[in-house]
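Step one of this worksheet: look at the structure below.
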Amino acid sequence: MAEAPRSKPWRVRGSRSLYESPWVSLSLTDVELPSGRRFEHHTLRMPAAAMAVVLDEARERVLLAWRHRFVPALWNYELPGGLVEDGEDPADTVRREVLEETGHEVAAVTPLVTFEPMIGMVNTPHHLFLATGPTRVADPTEPDEGTFEWVNLANVPALIADGKIANSGTLVGLLHVLAFPPAT
């Protein structure tokens with residue numbers, strides 16, 4: 001059920017590009033608030049991403065990569081996933097990325113949720129899926145994506161508490177599966 005707006009939306013009066021690349025687009029946007037106040041707001045756009053919570057047949061373990069992220073300078077567990085290519089369906093992105101990063105094909109891909117990890121500052125939709133029926137069919141073709149391992153779902157809350165899961169997409173996906181366990 002759609003809810004009626006509680007206030008007026010911000011209005012975009014114009015925008016100018018500051019930087020463009022295949023990875024990021026930064027603009028300065030002239031916005032008008034519902035109060036009538038106007039100012040320039042930085043607008044950052046990035047490509048959509050898709051990732052998957054890959055569960056084993058018993059749905060007791062999840063396939064995670066232990067990897068380093070140089071920007072925040074941290075090691076953490078992450079779900080397999082990547083950027084959605086132009087014209088690609090996010091479910092196909094997940095199937096491709098799971099195979100490239102882990103060497104597994106999955107039998108089924110089910111949408112869980114789409115979210116914006118930094119709403120208000122960045123536009124980059126993240127599509128999360130549940131992937132089931134994994135079968136190892138090859139060696140990973142992307143060796144720089146981390147070391148993948150099967151992790152017990154029961155251990156995920158402790159990993160989060162210990163700061164070993166810090167990626168927003170991984171947190172959202174794992175917490176979703178823990179809150180709403182899929183049927184076996």
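What follows draws every value from the coordinates through simple rules; no lab data is involved. Source: prediction; values computed, not measured. All Cβ positions, even for glycine, are placed from backbone atoms using ideal geometry, and neighbour counts span all protein chains on display.
Key figures
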| item | result |
| --- | --- |
| Mean ellipticity per residue at 222 nm, deg cm²/dmol - from DSSP H runs of n ≥ 4 across the chain, formula -39500 (n - 2.57) | -5000 deg cm²/dmol |
| Of 98, 179, 167, farthest towards positive along the dipole that unit charges on Lys, Arg, Asp, Glu beta carbons give the stretch 50-184 | 179 |
| Amide hydrogen neighbours beyond the local backbone of residue 114, cut-off 5 Å, H modeled | 128 |
| Listed residues 27, 83, 72: farthest to the positive end of the dipole of the chain (Cβ charges) | 27 |
| Fluctuation leader among 166, 108, 73 - the chain, Gaussian network, Cα springs under 10 angstrom | 73 |
| Anisotropy class of the stretch 49-179 from Cα gyration tensor, a/c 1.5 cut | rounded |
| Within the stretch 108-123: backbone nitrogen closer than 19 Å to the residue 28 label point (7 Å, Cα to C-beta) | 121-122 |
| Amide proton proximity set for residue 84, modelled H, under 5 Å, gap of 5+ | 48, 49, 50 |
| Cα-centre dipole for the stretch 71-110 with unit charges at Cβ (Lys and Arg positive, Asp and Glu negative), debye to 20 | 200 debye |
| Inter-site label distance for residue 168 and residue 75 at 7 Å from Cα along Cβ, in nm | 2.6 nm |
| Extension gain from residue 183 to residue 15, taking 0.36 nm per residue of separation minus the Cα-Cα distance | 55.8 nm |
| For the stretch 99-113, 3J(HN,Hα) per residue [Karplus equation, 6.51 cos²θ - 1.76 cosθ + 1.60, θ = phi - 60°, Hz, x = Gly/Pro] | 5, 4, 7, 10, x, 9, 9, 10, 6, 9, 10, 10, x, 9, 6 |
| Euclidean distance of C-alpha centroids, the stretch 114-168 and the stretch 48-74, integer Å | 2 Å |
| About the Cα centre, charge dipole magnitude for the chain (Lys/Arg +1, Asp/Glu -1 at Cβ), debye | 1040 debye |
| Positive minus negative residues near residue 109 (Lys, Arg vs Asp, Glu; Cβ under 14 Å) | -3 |
